[in-house]
Structures are given as C-alpha cells and as structure tokens.
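Please read the structure below before turning to the comments.
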There are 2 protein chains.
Amino acid sequence: MASSLISRQFALSLQKNLWLGAPACRYVSKAARKTQLEFDYDGPSMKTSVPGPRSQELTKQLGEIQNVGAINFFCNYEESRGNYLVDVDSNRMLDIYTQISSIPIGYNHPALLKLMANANSLSTLVNRPALGILPPENFPEKITESLLSVAPSGMTRVQTMACGSCSNENAYKAMFIWYRNKERGHNIPSDEDLSTCMINQAPGCPDLSILSFMGGFHGRTMGCLATTHSKSVHKLDVPSFDWPIAPFPRLQYPLEEFTKENAQEEARCLEEVEDLIVKWRQKGKPVAGIVIEPIQAEGGDNHASPDFFRSLRNIAHKHGCAFHVDEVQTGGGSTGKFWAHEHWGMDDPADIVSFSKKLLTGGYYHKDELQADKPYRIFNTWMGDPSKNLLLAEVLNVIRRENLLEEVMRSGKALLNGLYELQAQYPGILSRARGQGTFCAIDIRDDATRNSLLLKARDKGVLLGGCGDRSIRFRPALIFKEYHVHIFLNIFNDVLAQHK
Amino acid sequence: MASSLISRQFALSLQKNLWLGAPACRYVSKAARKTQLEFDYDGPSMKTSVPGPRSQELTKQLGEIQNVGAINFFCNYEESRGNYLVDVDSNRMLDIYTQISSIPIGYNHPALLKLMANANSLSTLVNRPALGILPPENFPEKITESLLSVAPSGMTRVQTMACGSCSNENAYKAMFIWYRNKERGHNIPSDEDLSTCMINQAPGCPDLSILSFMGGFHGRTMGCLATTHSKSVHKLDVPSFDWPIAPFPRLQYPLEEFTKENAQEEARCLEEVEDLIVKWRQKGKPVAGIVIEPIQAEGGDNHASPDFFRSLRNIAHKHGCAFHVDEVQTGGGSTGKFWAHEHWGMDDPADIVSFSKKLLTGGYYHKDELQADKPYRIFNTWMGDPSKNLLLAEVLNVIRRENLLEEVMRSGKALLNGLYELQAQYPGILSRARGQGTFCAIDIRDDATRNSLLLKARDKGVLLGGCGDRSIRFRPALIFKEYHVHIFLNIFNDVLAQHK
C-alpha cells in the first residue's frame, strides 16, 4: 500500500501551486502537517473525467446483470484510504459522502486492517452464527464493549440486526407487541388472536399504526416504507398502510435568527401530531409508536429544535405511544455527539433508538419494557453479524483514542462557517446553510443546478451527495479534519465561480 | 487448531465401544476412513449436559441485554469444525441443524480460512461499499463467478441483499412495480400516482396483493410477514395486509405410495389458488405475484409434486401474476440439486428466485422484465456485502471440486432409508419420513415428545431442529457424509429406545 502513497511533501506543494491560480478566498491550513492523518492522502488527484473509461466498461458489464442507473463509478477500495476514495481510473477524490454516510473512520484505517489480519478474527469471519440461538462465547462481551458502551441515556438493552431497514422493521414490531400487551393488560393472547393472526386479520393482526413525518426516511422494506415520505421513487407502486403522517417543521436558517418564526412553525406541527393521534384512534387504527429522525437526512437535512423533540416526546407519553428515534443516518458521531438526540439534553429521550450505517451493524436499543415478552417474536436467522461487532468495537476505540467527536466539532464549525461565507458570496445559488458537527447541508437554487454542481465538484476531486429536492448533504467520515474542510471549500469555491 | 484434535484412531475406537452397549440395529461405516474429512472431528464428545455451566453463565449475562429465551447454548466457533459444533463447555455435537440451515460447507472450512487470511481479502472486509452506487472493481467478476455461475434456468440477472427478509421484500417490490407498469401499459406514472404514493394512498400505493400459502414462511419484516403463515408467534400483534392465502397440499408419505390421493389433494389446492386470484381481483386487490417455497421448511417440511409446481406456474402465467420461488432455505444444494426447483424439470421455472442462508449473501435472481425500470426503486445503502460474495465464490469452488451435490444424494439416501427403518421400528413415535437429498424430516407423535427427543439427542451429541407442529428437520451441511448419517442413526436409535 505504501508504494502508491505519493510523497506528502510533493502533494502539499502541488496543492499550494493550485491555490495560486484560483479566484476568491483561499483557505490555507497551517495546522495541516501537525494533525495530518498518517494513512491519508494529501489531496485529490484527477486523471480522467468521472466516470472514466474503466468505470464505463465495468458499468456496461454490470448492466448485463443489474440496473446500473444509480452507479456513479467503480472503486479501487484497496488504494482508497482515509478521506480519499480512489476509482478504477486512478482518480482520487476527497469523499464527503462516504458510501451514503456509512464509513465511520475512513477507508482502510490501519486499526481495522490490523484487526482483520489478526488470526483471532478468522473464525468470526467464516462461521456466521444464528445469533438468536447459538451465539459465540464473546458475544455478550463484544456487545458490551461496542454497542452498550455508547448506549443512549436510559437504555441497557440492544438487539443487533443486519441493516437499517431490518432494524426499523423490528423496532416497529417491538412497539406493536408492547402496545397490544398494554391494551390487553397482560401478555396472554386469546384464541381468537392466535387464529386470526395466521390469516392476517384483526384482532391477531391488529389495525395499529406508526405515526411518521412528511420528509422522513426510515427504509424501504414494506413496514419502513409506510413511514418513509421523502421521494416518490421510493414508494411508487408499493402497497402501503393507512398510517398518519404529520408535517415536519419547515424552519428558517440560521436557526438563531428565526427563533420566533420557527417556534410557531414547530407548535403548528406538534398540534397536528396530537390531532392525528386522536383522529387515528377514532378511525380504529391507534398510533402504537411515533418514529422520527433527529435530522431528516434523505428528506433534505431538515432540522428541528430540542424543544420540538422534547414536546414530541411528551405527546408520545401523554397518548401512550412509544417514541422511536431513528438514528440510522445521524448516529455514530457526525453531529459532534455520538447520537444526534443527545443535543436535546434529555435523560429519557426515547423508548427505541435504531442505528446502522456508521455503526457497521444494524440494530436498535430499547427501554426494558419494549423487549418482546417471548422468544422468537423478534427473531430471524442471523440477527446481525458478529464480524461487524468486531469492527465496531475497534471503530469506537479509534473514536475515543483520537477524540474524534471533538475533531468533528472543530471541522464542523469550519465547514459551516465556510458555507455561510460561500452563501454570502453566491446568494443567487446558495441558501439555507445548516448543520450540526460535520452533518451539514446547503440548498442550491434548483435541482438541475444542484446536480450540475455535484458533477463539477466530482470532476475536480470532491465527492458529495444530494438530499431532498435541491440540497447538498455533507457526510464526511469522523476523520475529516479542518484542512480537509479547506480543500473542499477551495474546490467548491472554484466550481461556483466557474458556474454559469 | 490441531492441538485440540483428539486422535482419530482413539475416537473411532471410542465410538466402537459405545456401539457395543447399544440396542437394535447398528450402522458401521466401513468406508469411513477413506472418505473422512481431513478437517472434521471423528464423532460427538459430551462433557456436560447442555447447556453446560459456562453456557448458563453467559446466558444469564446476555439476559441483561436481550431476550435469551431462544438461546440453546453458547458456542466455541474457533474449536468447531466440519460437521461438529463445539460449545463453551467443550461439548462437541454432530450438527444437523447448521445455524438454521445456513452453514454450507461446515465450520472453519480450510478453504474459507485460507481465503480470509489472504491479504487481498482485507480491503473487502474493512471497506463496505454502497454497492448500488460505488461498487468495487471486482464486483461484476465476483457476481459472475459466484451467483451467476449457479443462476436458475432462464435467469441472467441477480440483485444481492443483506438477508432473506430483505431479499423477499425487494422481490415483492419488483413484482409490484412490474405489475403496475403492465397495468399502465407504460412506465410513466401519472401526477396522481406520484402525489398519492407520498401519503400511502392509491393509486400511487396501489391495492395489490401477493398470494401465499398456509404453512409458508418468507421472513418476518412486514411485507414478508404478510405472506408467512407457519406459526402464530411470528405474526401475533403485527398489522398486516389483506392478501389471499391458499392451502398448501397436505400430502401422504411416502409420496410414491399415495400418488392418486396426493394428486387429488394438489388439484384441490390449485383450484383454490385460481378461485382466490379471481376473488381478490374482484375485491380490487389484484394478485401481482405468487410466492411459494419448493418445500415448506419452517412450516413443517411439506412437499408437493413437480406437477403441482408446474401447474401453479401455469396458473400464474394465465392470470398475469409473477411467480416467485423462495429458495432461502431450500437453495444451496441440500436437496441434491443446487436449487430445489430443479427437481421440477422446467426450463422456465420462475420469474423470481430468492435466496440467503447457505448462499451467505441474500438476494434474488429475476427474469429481465422483472428488473425495476428506474434506478433507486430497488435500492438501499449496502445492497448486500461483497465480503459475503467472496466467501460464496469459494464455497461454490469447494462444492464443485468435491462433488458435494453427489455426496448429498448419497448421504440423503442413507438418511431417508435410515428414517424409514426407524419409523418401521417405532411406529408409535415416528411417521411421515420424507425428504430430498439430505433435506429430510420426520414427524413425531406430538409436540412434547418431539421437544423431548430433540433435547435427549442433543445430550447425546446430536444437534437437530424442529419445524412445523411436531416435525424434526434435518439440515446438515453439504459435507455430511454417509458415516455421519450412521453416527446420527445410531444415536437417534438409542434415544428412541430409551424413550419412555
């Protein structure tokens, strides 16, 4: 691997040369050499437009097997490292999208390579157990060392799952089971419950609902999809449930300048939530749970205030609904706290918190009372994957050892300030810069401009993702430092300056 | 690993000593030494009752974190090998359940250990990509080398997914999308489609259905669960869809002795299928797809004839429904063919074939026309896991190199014949021995007796699983040889002889 590392000194001087010719404000990271990551590259390096010829060839090949309409390009993961993704045409891009926000500490982190090269890991890699019946000896220890060491406030129980959708599906099931036992007053189903459930009919399969929010995204399997409302392409043609959908506050940014207007907007949405709960109870489809993201990510990086979430939590309590915080995209540190809901400052923030992506394994934490009362009610063959727990434990070690959450706060501040400056400089193109930690976004004039900017940035060596109708979302790894922010801002500035 | 291998010679002599004291017929495998697996143990070895003290201690520990009602015991996967699962109390059991049928070529297969120890695998293990947008360079090659090399007849397209439930959920979505485009006559949704789908309403979220069979099992996420009808514990308290459920033939065994009765029973079920399709169309919930297992596994190892499946396929054609064969449990070789549906002898057996478990990755094959017409319709963050594709490619190499499907036929014949003999010997306890390859089952007098026999066999070193109301299912790995069959039959014979 070392053989393909270009000389750091040479790369830095190259960057400086590039800066000389570029317009407008220039960021120079004086601290760069001090905090530089040992295993990182020094900057983007573009050899072809993207996708390059090799990517195009492979896309054609894969097109014989799958729909390739979403393929950006093919990657050389062996050569990728740190914040840089290398493609099969030797283009090296600063990755601020990180596999849809799912790479916690960059590519080929030495700690993870070392762990996987360790002979002790081999058995975990080749013997995937049915965790729910035959767990490995170190399972309680690894879960304690990994997931439980970052458990949300008030939670000591966690269930692993294979992916985000499975996590949310099972979290919903846990809420339904909990709600029905509460309705019964005990956990002994009637004969009618048992017989009707086998044919999908009430009361065994009850008409319960989950309240979700317009703009929310919770996955694409059919239960999750009934609570997803970000884009029609996800939902079109798939049968769904008649479940209540509340408006998510549409805030004005920067939040601190619009406190009064935003509070009014949030109050309106909360009122609507209560109305919907009452209405759906009257319809005979009581709301068993409320599901919400701390920041609506896929739906456009929509924020709400801690007050909003606290009030919503209270409404859930008041109406006997479980409160499920979906941290699949927000969890894992990129907001500057390990869980985005920690920004609400609550001791009892949720009944269920689901995760996946940066946590490498899916799953959900839950309050004691949300644990299914019998075995096999929340169950499947694999129930997660211990090899991912191994990786997660090491990722958490790195996060702690390198104080990455502090770094995220520092980089995030630089990023958001940079976005504010660009927004002031290009008011016709950019608006609504917003974020927490490095979990930032900015709106672009329109969808077409957004997509054009994304492609132009990519051709200059910066990989970004879109979200919502016309936003760009920033989802760097936790090892994204201030000097990476500066590299990005300089390139994005060039892209904007050259934009017609 | 070699240090804990007990001398093969010593173990064989121990086995022979055990045989001396046992009643009834005794199987002695003369060929054992010749075909013995190099990395396998020689027989069970029990030190404690199961779960032993260490398992009990760990179960208590895990009980603070999760519901542990389904935990059998904790495993020492490092020491497990071949057909033998070793627990944390040093009990070594002949494993005929294989992690709910999901271990293809036994524990710690040397070929897999070698693959994972190879430095070239490291990058795949630590850099999990978002496969739908940024696949690795070797993705088309690995897919071709692994999944496409065993593609069902008539299929050249495959989509990987993380697990069995996700595979079926997405297969259902693919069928819904295909059906709606067929209804439209084109693939351009109306404005009403686009707006109504965002709020879970028709026509955007249409009232389409999937026809499934009583006794079927297709997973536990909410779409899958609406087609699962094996046990109430899976379904109770979870809202569902009003979808049609047909009877699955209840055949008499051995099949060759009841051809006329079974043909009548199958005709009755097929007639009901057609009635349901018509009825649900009239109800405004047309059947977009039919989903069925080639052998209902979780539901009790219920078989049907090739004729039944051929007729069902024709009914699907006739009524314009997609035909989805769920091979999550049956796929991967244990029926003696790589896919159980190959026993039907059809060129065009299905529109969709889903898999998981022994294939190590989830996913589904599909006919060209079942591919979603646009990107991001069938999508999620990970879309499978390339590290599992790596393992699968090697598993397939081993299956070919060692002619494991032939071995399965041989072992399966020995197993089924042995079950017939035991059934003749214990007619008050055993009935309905049945199977294809080593994918066998037998019915026990009642649920309580079944569970008691399972525990007694386990205490004597044989790990088995139940299915249906009162069946035992046999799900050995593909490296389960005739002499393993004999070890099992001898022990099971002892268990039955001692059963009060």
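The values are calculated or read from the model by the stated rules, or taken from the named source; none is laboratory data. Bear in mind the structure is a predicted one, so any value in this text is a computation, not a measurement. Note that we place each Cβ from the backbone using ideal geometry, even for glycine, and neighbour counts take in every protein chain shown.
If you go through the range A:431-449 one residue at a time, do you hit one that is in contact (Cβ under 8 Å) with a residue 40 or more places away in the chain and assigned to a loop (DSSP other than H, G, I, E, B)?
Looking for residues that are in contact (Cβ under 8 Å) with a residue 40 or more places away in the chain and assigned to a loop (DSSP other than H, G, I, E, B), one finds at least one in the range A:431-449, hence yes.
Give B:VAL278, B:VAL291 a once-over and let me know the one that is among the hydrophobic types (A, V, I, L, M, F, W, C), assigned to a strand (DSSP E or B) and out of contact with any Pro (no Cβ under 6 Å at 6 or more places or on another chain).
Only one candidate qualifies: B:VAL291.
Across the range A:140-170, what is the total count of residues that are hydrophobic (A, V, I, L, M, F, W, C) and more than 10 Å from chain B (Cβ to nearest Cβ)?
2
Which of the residues spanning the range B:83-97 are within 9 Å of another protein chain (Cβ to nearest Cβ) and in contact with a Pro (Cβ under 7 Å, 6 or more places away or on another chain)?
Within the range B:83-97, none qualify.
Please verify whether A:SER411 is more than 12 Å from chain B (Cβ to nearest Cβ), of a type outside the set (D, E, K, R) and crowded, with 21+ Cβ neighbours inside 10 Å, treating the condition exactly as stated.
yes
What pairs come out if I take residues in the range B:469-489 that are at pLDDT 95 or above and pair them with residues that are among the basic types (Lys, Arg) whose C-beta lies under 7 Å away, six or more apart or interchain?
If the second residue must be among the basic types (Lys, Arg), the pairs left are B:ARG470/B:ARG450; B:ILE472/B:ARG450; B:GLU482/B:ARG410.
Go through (1) over 30 Å from A:GLY164 (Cβ atoms); (2) touching a strand residue (DSSP E or B) at 6+ places or on another chain (Cβ under 8 Å) for B:GLY363 and report which single condition fails.
Failing condition for B:GLY363: (1).
Looking at (1) crowded, with 24+ Cβ neighbours inside 10 Å; (2) at pLDDT below 95; (3) not polar (S, T, N, Q), which is the one condition that is false for A:GLU169?
Against the list (1) crowded, with 24+ Cβ neighbours inside 10 Å; (2) at pLDDT below 95; (3) not polar (S, T, N, Q), A:GLU169 comes up short only on (2).
Considering the range B:300-355 alone, what residues qualify as being surrounded by fewer than 24 Cβ atoms within 10 Å (Cβ to Cβ) and of a type in the set (Asp, Glu)?
Those that are surrounded by fewer than 24 Cβ atoms within 10 Å (Cβ to Cβ) and of a type in the set (Asp, Glu): B:ASP307, B:GLU342, B:ASP347, B:ASP348.
I'd like to check something: does the range B:231-239 contain any residue that is within 19 Å of B:ASP469 (Cα to Cα) and part of a loop (DSSP other than H, G, I, E, B)?
Looking for residues that are within 19 Å of B:ASP469 (Cα to Cα) and part of a loop (DSSP other than H, G, I, E, B), one finds at least one in the range B:231-239, hence yes.
Within the group A:SER80, A:SER45, A:SER101, which residue is more than 9 Å from chain B (Cβ to nearest Cβ), polar (S, T, N, Q) and out of contact with any Leu (no Cβ under 8 Å at 6 or more places or on another chain)?
It is A:SER45.
From the residues in the range A:188-218 that are among the small types (Gly, Ala, Ser) and within 21 Å of A:PRO247 (Cβ to Cβ), which one is farthest from the chain's Cα centre (by Cα)?
A:SER209
Tell me which of these A:GLU137 doesn't satisfy, since it passes every other one: (1) under 20 Å from the mean Cα position of the chain (by Cα); (2) within 10 Å of chain B (Cβ to nearest Cβ).
(1)
Of all residues in the range B:88-101, which are touching a Ser or Thr at 6+ places or on another chain (Cβ under 6 Å) and either under 25 Å from A:ALA117 (Cα atoms) or not in a loop (DSSP other than H, G, I, E, B) (or both)?
B:VAL88, B:ARG92, B:ILE100
Criterion first (facing another protein chain (nearest Cβ under 7 Å), touching a helix residue (DSSP H, G or I) at 6+ places or on another chain (Cβ under 7 Å) and either in a helix (DSSP H, G or I) or under 16 Å from B:SER387 (Cα atoms) (or both)) does B:LEU115 satisfy it?
So B:LEU115 fails the test.
For the range B:242-262, does any single residue satisfy the condition of being within 12 Å of chain A (Cβ to nearest Cβ), of a type in the set (A, V, I, L, M) and either more than 23 Å from B:ALA171 (Cβ to Cβ) or touching a helix residue (DSSP H, G or I) at 6+ places or on another chain (Cβ under 6 Å) (or both)?
yes
Restricting to the range A:185-233, what's the tally of residues that are of a type in the set (Val, Ile, Thr), crowded, with 24+ Cβ neighbours inside 10 Å and facing chain B (nearest Cβ under 8 Å)?
The qualifying residues number 1.
Suppose we filter A:ASP443, A:ASP469 for residues that are surrounded by 18 or more Cβ atoms within 10 Å (Cβ to Cβ) and under 20 Å from A:GLU298 (Cβ atoms); which single one remains?
A:ASP443
Would you pick out the residues in the range B:384-436 that are within 19 Å of the chain's Cα centre (by Cα) and farther than 24 Å from B:LEU147 by Cβ?
Correct list: B:SER411, B:GLY412, B:LEU415, B:LEU416, B:ALA433, B:ARG434, B:GLY435.
Taking the options B:ARG450, B:ARG458, name whichever one is closer than 20 Å to B:ASP301 by Cα and among the basic types (Lys, Arg).
So the residue among B:ARG450, B:ARG458 that is closer than 20 Å to B:ASP301 by Cα and among the basic types (Lys, Arg) is B:ARG450.
Pull out all pairs, ordered by first then second residue, where Cβ-Cβ is under 9 Å, the residues are six or more apart or on different chains, the first lies in the range B:85-110 and is crowded, with 23+ Cβ neighbours inside 10 Å, and the second is aromatic (Phe, Trp, Tyr) and in a helix (DSSP H, G or I).
B:LEU94/B:PHE488; B:ILE96/B:PHE488
Given the conditions (1) more than 9 Å from chain B (Cβ to nearest Cβ); (2) within 25 Å of B:MET175 (Cα to Cα); (3) among the basic types (Lys, Arg), report the number of the one that A:LYS173 does not fulfil.
Among (1) more than 9 Å from chain B (Cβ to nearest Cβ); (2) within 25 Å of B:MET175 (Cα to Cα); (3) among the basic types (Lys, Arg), the lone unmet condition for A:LYS173 is (1).
Can you say whether B:ALA130 is at the interface with chain A (Cβ under 7 Å from one of its Cβ atoms), farther than 28 Å from A:LEU464 by Cα and not acidic (Asp, Glu), as far as the supplied structure shows?
Answer is no for this residue.
Is it true that B:PHE309 is among the aromatic types (Phe, Trp, Tyr) and either more than 10 Å from chain A (Cβ to nearest Cβ) or assigned to a helix (DSSP H, G or I) (or both)?
yes
For the range A:241-264, enumerate the residues that are part of a helix (DSSP H, G or I) and surrounded by fewer than 20 Cβ atoms within 10 Å (Cβ to Cβ).
Residues satisfying the conditions are A:LEU255, A:GLU256, A:GLU257, A:THR259, A:LYS260, A:GLU261, A:ALA263, A:GLN264.
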